[in-house]
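A.B. asks: Have a look at this one.
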Ligand code: ADP
Ligand code: MG
């Protein structure tokens, strides 16, 4: 089967006032149709840059190398006409902060209908009928079609965004911190909704979050990013429970319980910040924060290596420690 999304050695370098900012530095993964992948990592690790690259939404002047194949089409070289079609029917993105992407002066039903009219060439009447159906599917009262964005709660607005993402029946949805701004109860509802909708329609899902527990609960596979690279990649429950890379271990220790509000605000066990991509440490970029750092970690570049079947991690310790590293994980949680 042809993968739905195939990213091969992606590098994305922004141009900043201080020079080059290598935000993504050699990232590869593929996603089968209907498969779900979570991308985790703290703020600044390059997650949103990957999402923007897939839909070619990066600022002009940004340098992109590597290959992104979406349903057999090469995203980086396709024409703008093709790209416009792909942006709705091929793949769509649900961002954080739905309020800012909804037009305050247009009614909800009209906004959901807009891409359908534009891309599926349906009449206004047919598109609005479809918009109302979509609203019902995402659990919004259909009379809300006549409401304006400010009349809806945060959770309802996020449902509108999901309805819009589904409007042209995409094969892939990228949800970038789509539930992060919501309170915990609503977050759980919206996550459940996304999970159900993608499963029912066989939609591929790339869900991005700094909260590993959310991803473990929603996605079959998990990729953990650090400083623009994947440092761990494997089956989500296993990675969440027994990560091999010390960064992934620290991240799962920081979010032990799905949707726990206290944990969300105050992740523990992870002191310091990820590095500035314009000023990366030598060797393994995590070594300055790593609780199990070794002498050679500041001088040795580590790529992803097999840890288990279907499971890779980029840590020098993975080689000599292919048995579960639960002692390290516990030590990390207690610091
Ligand atoms: P994440 O989504 O994981 O928080 P981002 O992909 O947003 O990470 O950002 C990765 C890095 O790229 C950060 O250091 C960020 O400051 C930088 N960056 C993001 N967008 C731009 C931009 N338009 N111009 C310059 N640097 C950017
Ligand atoms: Mg982001």
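A.B. asks: Averaging sequence separations of C-alpha pairs under 8 Å and six or more residues apart, then dividing by the length of the chain, give the relative contact order as a whole percent.
C.D. replies: It comes to 19 percent, rounded to a whole number.
A.B. asks: Still on this model: For 315, 219, which order do you get if you count the other beta carbons within 10 Å of each Cβ and list the fewest first?
C.D. replies: 219, 315
A.B. asks: Ok, one more. Considering only the chain, what is the antiparallel percent among its DSSP beta bridges, to the nearest 5? Before the final figure, lay out the partial values.
C.D. replies: Working: 30 of 48 bridges.
Given both bridge residues lie in the chain, the antiparallel proportion sits at roughly 60 percent.
A.B. asks: Turning to a different aspect of this structure: Using a simple spin-label model with points 7 Å from Cα along the Cα→Cβ vector, what separation in nm is obtained for residue 195 and residue 17?
C.D. replies: 4.5 nm
A.B. asks: Percent of Cα-Cα pairs more than 14 Å apart in the stretch 168-214, please. Don't skip to the answer; put the middle values down first.
C.D. replies: Numbers: 547 of 1081 pairs.
For the stretch 168-214, the fraction of Cα-Cα distances above 14 Å is 51 percent.
A.B. asks: Using a/c under 1.5 as the rounded threshold, could you call the chain rounded, prolate or oblate? The axes a ≥ b ≥ c are square roots of the C-alpha gyration tensor eigenvalues, and prolate needs a/b larger than b/c, oblate otherwise. Walk me through the numbers before you get to the answer.
C.D. replies: Details: a/c = 2.03, a/b = 1.60, b/c = 1.26.
Prolate shape, in that a/c is at least 1.5 and a/b is the bigger ratio.
A.B. asks: So what is log10(I(q)/I(0)) for the stretch 43-200 at q = 0.17 1/Å, when the Debye sum runs over its Cα atoms only?
C.D. replies: Normalising to I(0) and taking log10 leaves -1.06.
A.B. asks: Could you state the number of Å between the C-alpha centres of the stretch 3-73 and the stretch 271-296?
C.D. replies: 22 Å
A.B. asks: Full-extension gain between residue 56 and residue 298, please, as 0.36 nm times their residue separation minus the C-alpha to C-alpha distance.
C.D. replies: 83.7 nm
A.B. asks: Oh, and also: Would you please classify the overall shape of the stretch 17-85 from the alpha carbon gyration tensor, given that a ≥ b ≥ c denote the square roots of the eigenvalues, rounded means a/c under 1.5, and beyond that prolate means a/b larger than b/c while oblate covers the rest?
C.D. replies: It comes out oblate by the Cα gyration axes.
A.B. asks: Can you give the extra length, in nm with one decimal, that the chain gains between residue 84 and residue 308 once fully stretched, where that is 0.36 nm per residue apart less the Cα-Cα distance?
C.D. replies: Difference between extended and current length: 76.6 nm.
A.B. asks: How big is the gap, in Å, between the Cα center of the stretch 83-156 and the Cα center of the stretch 168-211?
C.D. replies: Comparing the Cα centres of the stretch 83-156 and the stretch 168-211, I get a distance of 16 Å.
A.B. asks: Okay, helix-only estimate at 222 nm for the chain: each DSSP H run of n ≥ 4 adds -39500 (n - 2.57), divide by all residues, round to 500 deg cm²/dmol; what do you get?
C.D. replies: -10000 deg cm²/dmol
A.B. asks: Out of 222, 152, 166, any idea which swings most in a Gaussian network model of the chain, alpha carbons joined below 10 Å?
C.D. replies: 152
A.B. asks: Using only Cα atoms, tell me the angle between helix 154-166 and the longest principal axis of the chain; keep it within 0 to 90° and round to the nearest 10.
C.D. replies: Value to nearest ten degrees: 80.
A.B. asks: Going out from 0 in 5 Å bins, what whole percent of all Cα-Cα distances in the stretch 106-264 drops into each bin?
C.D. replies: The distribution over the stretch 106-264 is 2, 9, 17, 18, 17, 13, 9, 7, 5, 2, 0, given as percents.
Throughout, read-outs are computed from the coordinates displayed, never taken from laboratory work. Keep in mind that this is a model prediction, so the values were computed, not measured. Note that each Cβ is placed from the backbone with ideal geometry, even for glycine, and that neighbours are counted across all protein chains shown.
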